[in-house]
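Trainee: Below you'll find the structure I mean.
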Amino acid sequence: MKAAVLHEPGKAFVIEEVTLDAPREQEVLVRIAASGVCRSDHHVMTGATMHPMPVVCGHEGAGIVEEIGRGVTSVKPGDHVVLSWAPCCGVCFFCRSGLPAQCEAFLGAIWAGTMIDGTTRLTLKGRPVYHYTSLATFAEAAVVHESCCIPVRRDVPFAAAALVGCAVATGVGAALFRAKVKPGDSVAVFGCGGVGMNVIQGCRLAGAATIIAVDVSAAKLALARRFGATNMVDATDGDPVAAVRDLTAGFGVDYAFEAIGKPGTMAAALDSARRGGTVVLVGLGAHGESLSLGAGTFTRSDKIVMGAYYGGCDPRRDFPVLLDHAAEGRLKLDELVSRRRPLEETNEAFADLEAGEALRTVIVFD
């Protein structure tokens, strides 16, 4: 089958014929219909995220089940599925505590680029090819653990449904499940890309009264209003922290979300939260970067800082609900898709991302 293979950080993806093994016990073969191109994949491409190579990236996918391995009971051939990049065992401490993305059994394998048994199902000329976050959706098909396959309704187009697997779940979940934004709250969202725009949607669904979008792109700020923002702050025009405070009577917001993964915007989000407010770090930072804060930052201000890995969602519980919201008009999915490209244009899809104007380019398969 064809796949976009990354051999070295900083190099282009190469479209190559790779071998995909049949699914083993508790594994599923999915024919990929669509895969979003995410900033996290870009981190692997640039080397900001360290990962074994060669690798097939892609962790935001949807498709149709073609074959199941022994012991699979939750899906069957023909099912439409959205893929979760966080396989889980369902029985460890973290799974039982409502944090399946932190699953003890799979967390190591996710970042090692393998299945749980330490091997890959992908090979190129007899040599292993690694799976990014247990999925590898920049390919015509993928073999994944059963827990990655979430059966979903069939009336949502694959290009839109795929985005639920990362950007939508991460962003909406950060607002609804992790921060638990309440009706009437004030929020600021730093970074209005695919994830940040879904944080805005999640805050709107939660009933936030003031939703301030902060970005350097005028085009994204214009879109942010359509997704639920009540106010826009151009981060290139003066001090965005001062602008956020001006919009909140000088106090700052109840919740400040950072959806880029850069120390500078993390610090700005912290400064934009009111005393006693909460800062939610959603963006995945580059390997080796750090955030420096004064020793008394939290003691004097009573602020809370929390991470939001996968938005705190439970894919099996939450993906179908998010798709219901979309089908019933409460959540915008189609509007997140800025451009569709074939697999052969994977590098152009990353150029779209780097240009900074697209919310999501989606790789689509016939």
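The values are calculated or read from the model by the stated rules, or taken from the named source; none is laboratory data. Just so it is clear, the structure is predicted and the values come from calculations on it, not from any experiment. Neighbour counts are summed over all protein chains in view; Cβ atoms, including those assigned to glycine, are modelled from backbone coordinates with ideal geometry.
Trainee: Being in a helix (DSSP H, G or I) and crowded, with 20+ Cβ neighbours inside 10 Å is the filter here, so list the residues in the stretch 322-349 that pass it.
Mentor: LEU322, LEU323, ALA326, LEU336, LEU343, THR346, ALA349
Trainee: Further question on the same structure: Among (1) buried (at least 16 other Cβ atoms within 10 Å of the Cβ); (2) in the same structural domain as TYR255 (by TED's automatic domain parsing); (3) touching a Ser or Thr at 6+ places or on another chain (Cβ under 8 Å); (4) farther than 30 Å from VAL14 by Cα, where does PHE319 come up short?
Mentor: Of everything listed in (1) buried (at least 16 other Cβ atoms within 10 Å of the Cβ); (2) in the same structural domain as TYR255 (by TED's automatic domain parsing); (3) touching a Ser or Thr at 6+ places or on another chain (Cβ under 8 Å); (4) farther than 30 Å from VAL14 by Cα, PHE319 misses just condition (2).
Trainee: Next up: Does the stretch 99-110 include one or more residues that are within 18 Å of HIS42 (Cα to Cα), in a strand (DSSP E or B) and either in contact (Cβ under 8 Å) with a residue 12 or more places away in the chain or among the small types (Gly, Ala, Ser) (or both)?
Mentor: Taking every residue of the stretch 99-110 in turn, none turns out to be within 18 Å of HIS42 (Cα to Cα), in a strand (DSSP E or B) and either in contact (Cβ under 8 Å) with a residue 12 or more places away in the chain or among the small types (Gly, Ala, Ser) (or both).
Residue-by-condition table, conditions (1) more than 16 Å from ALA308 (Cα to Cα); (2) within 24 Å of the chain's Cα centre (by Cα); (3) assigned to a helix (DSSP H, G or I); (4) not assigned by TED's automatic domain parsing to the domain that holds VAL195:
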{"residue": "ASP237", "(1), (2), (3), (4)": "yes, no, no, no"}
{"residue": "GLY250", "(1), (2), (3), (4)": "yes, no, no, no"}
{"residue": "PHE257", "(1), (2), (3), (4)": "no, yes, no, no"}
{"residue": "ILE260", "(1), (2), (3), (4)": "no, yes, no, no"}
{"residue": "GLY264", "(1), (2), (3), (4)": "yes, yes, yes, no"}
{"residue": "GLY276", "(1), (2), (3), (4)": "yes, no, no, no"}
{"residue": "VAL280", "(1), (2), (3), (4)": "no, yes, no, no"}
{"residue": "GLY283", "(1), (2), (3), (4)": "no, yes, no, no"}
{"residue": "SER292", "(1), (2), (3), (4)": "yes, no, no, no"}
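Trainee: In this structure, does THR19 turn out to be under 17 Å from THR114 (Cα atoms) and surrounded by fewer than 16 Cβ atoms within 10 Å (Cβ to Cβ)?
Mentor: In short, yes.
Trainee: Go through the stretch 14-59 and give me each residue that's of a type in the set (Ser, Thr, Tyr), modelled with pLDDT under 95 and under 13 Å from the mean Cα position of the chain (by Cα).
Mentor: The answer is SER40, and nothing else.
Trainee: Can you find even one residue in the stretch 62-69 that is buried (at least 18 other Cβ atoms within 10 Å of the Cβ), in contact with a helix residue (DSSP H, G or I) (Cβ under 8 Å, 6 or more places away or on another chain) and closer than 30 Å to ALA229 by Cα?
Mentor: Among the residues of the stretch 62-69, at least one is buried (at least 18 other Cβ atoms within 10 Å of the Cβ), in contact with a helix residue (DSSP H, G or I) (Cβ under 8 Å, 6 or more places away or on another chain) and closer than 30 Å to ALA229 by Cα, which makes the answer yes.
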